[in-house]
Structures are given as C-alpha cells and as structure tokens.
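Reading through the structure tokens given below for one structure.
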Amino acid sequence: MIPIPLVVTVLGGWCVIYLADTLLLSSKSLKTNYEEWLSTQGLSISPFHIRWQTNIFNRLFYKWGRWKPRFLYLWFSMGMVFGVLAMFGSMILLGKTLVQTLNQMMAESPASQNDRILQVVVPGVNLPISQLSYFFSAIFISGVIHEIGHGMAAVRETVRFNGFGIFIFILYPGAFVDLLTTHLQMVSPVQQLRIFCAGVWHNFILGLVGILILFPLPALLYPFYYTGVGALVTEVVEDSPASGPRGLFVQDIVTQVQDCPVTNVDGWHACLADISQKPQVGYCMNSATLQQLHFPSRVYKRLDGSIECCSNNSLSDICFSYSGNTRNQLYVCLPARKAIQKSPECRSDIDCQKGDASSICAIPSIENQTRLIRVKHPPQLEMLFIGYPVHLEYAVSLSSFVPRYNFLSIHLPVVIETFCKYLISLSGALAVINAVPCFALDGQWILNSFLEATLSSFVVQKENRELLGFFILLAGSALLMANVVLGLWMVTAR
C-alpha cells in the first residue's frame, strides 16, 4: 500500500497551494496585482499542477538549432528513423509487459514482479524514500533533454520557438517547449517527424551516455578507487542484526560469505541469494572437540518442526545436529563462535573425513528459511548472523569501490553508480512511453506525420488516413492505460 504519511504530505501541500491561489484570486485588493505577478513570472497554477514558462532561453535554443546545419540534419534524420522504429517497438514492449502482468495476476505468488520489462513506479512502495532524490533528479533531467531535442529540431526546421518551461504534476517534475502551431503545420510531414521524434531520440542518447559512464566506471575511477578486493560497508542500519560490537562497521571490507568469495556488491548479493536457496551448511568438528564443548540440554520441537536443544535465553549458543555411530540424528547445544571458528564448511560427514577421519559434520538446527551465516571482514573477527538472508541485505549498504586515499568519500562512487542506473532506466522509459501511439503523447504526432509521409500516395483521402490513425491511437491508448492500471494494482494492492 502507498504510505499514508506520503499521501498526507502531498495532498496537504497541494491543498495549501490551491487554497492560497484561490484566496488571492478572490481578493478584490490583491487579485489584479497577483494576476500581473503570475503573468510576469510566467506562472500558472491549477489543481495538482504548477507550470512555469520563460523566453530567456530562446536565444540559446536558436544558437543550438543553427549550429552546424548539415550535422544537425543527419542527427535528427537518425532520430526520425529511431523514433519511427521506437513507435512500433513500444507497442511490442507494452504488449509483452501486459502479458507478463496478466500471468502474474493469475499466479499465486507475485515473486517475479521484478522480471517485468516495464514497471509502474510509486514512491514509497516500490521506490525507496531514501532514493527519491535520484528518481526526481533523473526524471527531471530526462524531461529537459527530451524537450531540448524538440526545441533544437524545431529551430533547425525553421519553426518558430516561443519559449521553454518546466512543470510539477502531483510529485513528478517535467519540461516542455512552446512552438508556433501554424509554423509547425506548414512544414512537410518528414520535417514534422524530425521534430516529433527528436525527444525520444535524445532520451535514447541520454540513456546511452549513462551506460557509457556506468560500465567503465571502475576504469574511470581507477586513479582514486580500486575494485575487486571485496565489498566496502558504507552503512549499517542501527539496531539491526548486522550492527553491534561483533557486527559490521562502516569501512569494513567483506571478503567472504560462508565459503562464497565476495569481490564486489554483485558478489555479495549473489552469495546471499545462493545461501537462501540452498539448505543450511554444516561445519566440520572433531569428535573430541564436540564432546568438550557440549553441555546437556533438553530437546524439543519448534512449531515449524525443527529441533531446538538450547535454552531460549541463550544469545550465544546454537543447537547443532549430527549423525551418531548408529546413524541416529543427535543434537547438541554448543557455543556458536567457539564451535565453528576456523571450521571448514560441509554438507555431510564425507566432506569432513577427507582431512580428518575423526571429524563429523555438525549442522545448525535452526528455524526453516533462516540461516546461520558467517561473514568474513578481515582483520576484524568474522560476524555470525542468524536470520533471513534478505534481512542481512537490507541491514547493510555496500560499495564495490574502495578509496585509495583517506580523504576520498566512500559514498561518491555509489552516488554516481545509482544516479546512472536511474538515468538509464527513466530516460529509456520516457523514450518508450512517449513513442507509444497514444493521445496527448509524442507518439500521436509521430504516427500522424508518419501516415502523412507514407500513405498519402496510397490512401488519397485525408479523412481515411485520419480515421486509420484514430483507430491506431485508440488501440495504443488502451494498451498503455491497461499497463498503467494493472501495474498500479500489482504494485499497491498485492
């Protein structure tokens, strides 16, 4: 469900803005001055929508649009081809996404939601509140670059450019350009295509730039940060199972989880995912050591059927199970750290007897789905974690980049990496959505111009071309709406 505090804050903020606007407009003494101030500033206010438009950037747009005309002609011609292909491709993507969503709705478990090609993003639900700054910055920059593409293409095609603006709709920022409609209608359909496709083309290029920064980032930051030596701890959630005197600390370097080596953050997540899918591993213990550490205790079953043999008040002892001489399953309560310290991991007694014939494999007897996880972060003593592996993932934030010098920030590479990921995904999503042949989106104008440019010789009557375009727009709008509605339901209701 959507967090109530977020809803209250957003609705409350918009109510205050709308109420202040209404009071000023209804005031006899302030109305005229207020309307003049709004007009001078280029502001307009309506429910859940604030818009600002200016012409201070017009000269800059004209300079960009007239720079190297031949190059810009080739640039926006490539954008036109990409935009037309994106229009058809977006329909295929939306169709696949809709099929995936319907399959997940009919499935009992929504475990594969992250596998969908496109997802509806709701702040506070499937978008962490802590990453809102990345999200809104990336979507704002993507929107600005999108509109710069339209503006430059319009100037290149000699369409009058009136102004540039930005807006906020509910929570989402965006941008727009104001073009003279009569000039736009006078240019040829191919010229219109270059203008209408320029936005999605620039979003594609922006996403490509993000990829070209993200993937070679270790090489780009090599003089300042080194990688491949482990995962650097950048944050530990307070009072989490990973905190405390025997837990993890900021600037620790995790090198191993159980017997799984960790060289970067992806390795950390892969190790924990592998641990959660496999049964609990055991530890090779010498029979004599086992008897020495053992102390008598009562054995009983938990509600989930697993066996407990330690006192409920114990914070350092764990129940272990092992096979006796008669092949019966025996249980023993042991001090966890002393028992498994420097003990090789095992799945059965055979794994242990390769090195020591008197060793046996003792497996922690803990609740189903929980795991005893040994995390190595030298030179500190290894951390022992008991619980769900996913809880350990949430409790610790890590980075693949280790600073070479003490004055360097441990957070800077994470900021760059996270921002690039948001920029790639959101700029790509903006390109896909705007290319959909849907009413009020760029896809509507791309489709109309495309039909005029390609079918005017075959479908002579303009009314017939417009009718064909209307039905395609109707289908595209329905497909997009179905994806949005069902995607919201999947995110908020399940």
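The values are calculated or read from the model by the stated rules, or taken from the named source; none is laboratory data. Worth saying up front: this structure is predicted, and the values here are computed from it rather than measured. A quick note on method: Cβ atoms are made from the backbone with ideal geometry, for glycine too, and the neighbour counts reach across all protein chains shown. Note: accessible area is taken over every heavy atom of the protein model, side chains too, but ligands, DNA and RNA are not part of it. Shrake-Rupley method; radii C 1.70, N 1.55, O 1.52, S 1.80 Å.
Remarks
- When the charge dipole of the chain is built from unit charges on Cβ atoms (+1 for Lys and Arg, -1 for Asp and Glu) and taken about the Cα centre, the candidate among 171, 343, 292 whose Cα reaches farthest toward its positive end is 171.
- Accessible area ranking (1.4 Å probe, heavy atoms, ligands and nucleic acids excluded), largest first, for 414, 81, 159: 81, 414, 159.
- log₁₀ of I(q)/I(0) at q = 0.07, 0.08, 0.09 Å⁻¹ - the chain, Debye sum with one point per alpha carbon: -0.58, -0.71, -0.84
- Dipole magnitude of the chain, debye to nearest 20 (Cβ charges: Lys/Arg +1, Asp/Glu -1, about Cα centre): 680
- Positive contributions from Lys and Arg (+1) and negative ones from Asp and Glu (-1), summed over other residues with Cβ under 14 Å from the Cβ of residue 434, come out at -2.
- Full-extension gain in nm, residue 460 to residue 182, via 0.36 nm per residue minus C-alpha separation: 97.7 nm
- With the alpha-carbon atoms of segment 1-89 aligned to their principal axes, the span from lowest to highest coordinate is 55, 43, 18 Å, starting with the largest.
- Given R0 = 51 Å, the distance between the Cβ atoms of residue 273 and residue 55 translates into a calculated FRET efficiency of 0.45.
- Shape call, segment 317-431: gyration tensor on alpha carbons, a/c limit 1.5: prolate
- Length added when fully stretched, residue 471-residue 246, from 0.36 nm per residue minus Cα-Cα: 74.5 nm
- With a Cα cut-off of under 24 Å and a minimum spacing of 8 residues unless on different chains, the lysine pairs in the chain number 9.
- Segment 384-429 - convex hull of the alpha-carbon atoms, volume per residue in Å³: 108
- Note on segment 129-248: with charges restricted to the Cβ of Lys and Arg (+1) and Asp and Glu (-1), its dipole about the Cα centre is near 360 debye.
- Rounded to the nearest 10 Å², the accessible area of residue 442 at probe 1.4 Å: 20
- Lys/Arg +1, Asp/Glu -1 at C-beta; the chain dipole; positive extreme among 215, 200, 406: 200
- Looking at the chain, the accessible area is 55 square angstrom per residue; that uses a 1.4 Å probe and ignores ligands, DNA and RNA.
- Length-normalised contact order of segment 292-378 in % [C-alpha pairs under 8 Å, at least 6 apart]: 28
- Cα shape, segment 252-317, gyration tensor, a/c 1.5 rule: prolate
- Furthest towards positive pole of dipole, 146, 315, 13, structure part the chain, Cβ charges: 146
- With kT/(6 pi eta Rh) evaluated at 25 °C and eta = 0.890 mPa s, and Rh the Kirkwood radius from Cα pairs, segment 196-347 diffuses with a coefficient of 123 µm²/s according to Stokes-Einstein.
- Rounded percent of accessible protein surface that carbon and sulfur make up, the chain, 1.4 Å probe: 63
- Spin-label model distance (nm) - residue 439 vs residue 103, 7 Å beyond Cα toward Cβ: 3.2
- Virtual spin-label span in nm between residue 133 and residue 478, 7 Å along Cα→Cβ: 4.5
- Cα gyration tensor category, rounded, prolate or oblate, for segment 122-223 with a/c compared to 1.5: oblate
- The slack in the chain from residue 219 to residue 386, taken as 0.36 nm per residue of separation less the alpha-carbon distance, amounts to 56.4 nm.
- In nm, spacing of pseudo-spin labels at residue 406 and residue 63 (7 Å Cα→C-beta vector): 4.6
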